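A short worksheet on the structure shown next.
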Amino acid sequence: MQDLLAEVRESIATVLDEQCSSLAVHGFTDGRNALDQELQSLVAELGWLAISLPEASGGIGLGSQGLAVLNYELGRASAPGSFLATSVAVEALARSEAAGAEPIAGLIADVVAGSVTLALSASMDVQRTDGAVWLLGDASAKSALIAGEGDDIELIDLDASKAEQLRIWDDTRSVISFPMSACKKVMTLRGLRPTLVSLYALALAADSAGAARGTLDRTIAYMKEREQFGRPIGSFQALKHRAADHQVNAKGADELVWQAAEQIDASLPGALLWSVMAKANVTEVAARIAGDCVQLHGGVGFTCEYDPHLFLKRVRLDEMLLLPNGALRDEAARAFADALGNDDDVLEIA
Amino acid sequence: MIIDLRHDESAFRSAIRDWIAQTLPSDWAEVADRGTENEAVEYQRWWFGELAKQGLSVPHWPSKFGGVDLGIAGQMMVADEMARAGTPQLSVYTVTLNHLPGTLIPCGSPEQQVRYLPPAAQGAVWCQGFSEPGAGSDLASLRCRAVRDGDHYVINGQKIWSSMSRFAQHCILLVRTDPEASKHAGISFLIMDMDTPGLDIRPIEQIDGYADFSELFLTDVRIPVENLVGEENDGWKVAQATLASERGVLAFEAGERRRHMLEDYYRNAVAAKAAWLEDDEFRRQFMTLLADLQASRRLIRQLLRDHENGEPHASTAMASARIKLFQTTLIQKIGDLIARIEGLDGHLRLSYNSQRRFVGMFDYIYSFAWTISGGTNEIMRNVIAERGLGLPRG
């Protein structure tokens, strides 16, 4: 399984290095190409959305670890598109009790084939006063998962003509606003919330950890090239020490992603706890790294031409999605107290 | 002996668990906390002796010197069980258990190995005389001078930060034998008996009130030439072996102990309905650090797996540097949080002899030992940036 995961990661990374280079992403954010659509076709062709899915749903069964690898690499490349929302939503649907029956089975097949994308509630708790729901995903998304009553999740169909494309800071992703009145409920997925929250949190953590890796690698390369006072700026201790701290913290962040993924896949009592803690810690670490990578670039870090701003805006969005990190830590604290009370060892590492 | 069960993990672990429960008094930590520092060291000696009876004192050593060549996986089982039970920490034996065999097995003569290793396995305490007032992070600039006089070296100079040297019988000592050579080339590695005339040991009172460290003043100290480890003027290479001897099992045990301490702290807080649990900042920061500790424990396990799989030294050395920086920074953050949670009560100076739980300000104050020793964290950052990330030297 670990070998297969490493192979999958390698192949995703290779494709993205080629197809989703810095140049291509800037072309997309400048409106000169349709990289998100091109990647959408590529992802369907290469079957990336089937990586995590169970074999019963036509997937290759790499589960949460597969989901994490995919989103990590997409984050590392700051890939434009609605893959995070789609991959999380389809994985949650595949784990729902209704996965084998229509309309969900058909929806999963369409997603894997690349003919439809899915959206996710940007926030799992905020009820907007204007009667709209904000969704992470493309305006053309066919369906979305939003919070229902208690632990229930609602699957809703979307009418693209009613979607309002919001203009957000993160140029690599899309958030749309939808009037609740235009949402058509398809079905209630009973008790799916913990599963969805875990997967959503994991994917956000993976995307952020990948983005932190991506911006840090590029910043270190820049620090070796850029010269001032007759020497590369990376030779200055005040800067290289920061790079070393980021390197160490990025490695720690990666571990939290794998901790969460392993717990979800093994259905351990700590699955929800570790996913939400991973999201909270990793998005914050990534925001610190991505912010300092802007600073370490100096003047060009403040321009749109260079990469650091793309990553900074991306991880800042990750940080705000799903639920505020404080609320996630509160949820984790309750879960930890419960685990101690039940003698569930949620700190054990296999 | 319990060590004979090592090939059957569950039997091995449960034997260790049962034996600890029968052997270690349940109130040992309270007793240690009430006692003196010297009594705490005596307690370590007793505990080491008990471990030795079960083959658990030096299981990682080669069999001809008293061990069973226990591999890293087995060492992790032992360390894990000790951490789980909160047994006394063997701080007085750090050099004995790791640096001594790490030096003598690859670099010592057969006579030195036979003479020193078996007694060490039975509890002889060793200390290290490396750093000097003028040679800290820049260790190779050390100046403590050794001059050959017949079949002895005559040593004059000063050493500092020599942990537990007040309690030691022997010292591994770095001296300068050739002051004309380049700084790495004129160093030799010696073994010194701590009762040699001319050696003056002066404890240093630390910021935590303890005096683990001492300064060593050497005035015409005579050390037989047979106590030279490796070749004369080749001591820097020997010292590299010494410093590479700790492969992460100590960091593993430290991480595991902290895991249990944090878990107990939270469990006790929940049981006592502690006020800080209702404080959003404290509660959330606690969870943040609990997650970081998990990340740190995973990184250490990865390092130990890499050692077992024989990964190249360059890669494991870099992982060690990253872990040192991550884990010690984290320990300091945990100490900082506990100090803030404990508030004014945390400023009462209580004993920390048992090192078994968070005691007010103590962990925070002591955390600077972690961030400064073993290569300061600033040196770690240089190593990570230059050798790991390939950033140019300044």
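The values are calculated or read from the model by the stated rules, or taken from the named source; none is laboratory data. Bear in mind the structure is a predicted one, so any value in this text is a computation, not a measurement. Every residue, glycine among them, receives a Cβ derived from its backbone with ideal geometry; neighbour counts consider all protein chains shown.
Within the range A:179-202, does at least one residue satisfy the condition of being away from chain B (no Cβ under 14 Å) and closer than 27 Å to A:T303 by Cβ? No - not one qualifying residue is present in the range A:179-202. Just one of the listed residues (B:Q294, B:Q285) is crowded, with 17+ Cβ neighbours inside 10 Å, in a helix (DSSP H, G or I) and facing another protein chain (nearest Cβ under 8 Å), namely B:Q294.
The residues listed here are B:G123, B:G108, B:G129; of these, the one that is touching a residue at least 24 places away in the same chain (Cβ under 8 Å), under 30 Å from B:A254 (Cα atoms) and out of contact with any strand residue (DSSP E or B) (no Cβ under 6 Å at 6 or more places or on another chain) is B:G123.
Condition check ((1) of a type in the set (A, V, I, L, M, F, W, C); (2) touching a helix residue (DSSP H, G or I) at 6+ places or on another chain (Cβ under 8 Å); (3) at pLDDT 95 or above) across all residues:
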position	(1), (2), (3)
B:R349	no, no, no
B:Y352	no, yes, no
B:R356	no, yes, no
B:G360	no, yes, no
B:A369	yes, no, no
B:N377	no, yes, yes
B:N382	no, yes, yes
B:L389	yes, yes, yes
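One residue alone among A:A139, A:A144 is in contact with a strand residue (DSSP E or B) (Cβ under 7 Å, 6 or more places away or on another chain) and either of a type in the set (K, R) or outside any strand (DSSP E or B) (or both), and that residue is A:A139. Considering the range B:235-273, and only residues there that are in contact (Cβ under 8 Å) with a residue 24 or more places away in the chain and not in a helix (DSSP H, G or I), the residue that is farthest from the other protein chains (Cβ to nearest Cβ) turns out to be B:S245. Condition check: aliphatic (A, V, I, L, M) and within 13 Å of chain B (Cβ to nearest Cβ). Does A:A332 satisfy that? Yes, satisfied. Take B:T328 and tell me if it is within 12 Å of chain A (Cβ to nearest Cβ) and touching a Ser or Thr at 6+ places or on another chain (Cβ under 7 Å). When the stated conditions are applied, B:T328 passes them. Pairing each residue of the range B:175-203 that is assigned by TED's automatic domain parsing to the domain that holds B:M164 and over 20 Å from B:A241 (Cβ atoms) with any residue that is of a type outside the set (D, E, K, R) and at pLDDT below 95, provided the two are 6+ apart or on different chains, yields C-beta distances under 6 Å for B:P203/B:A211.
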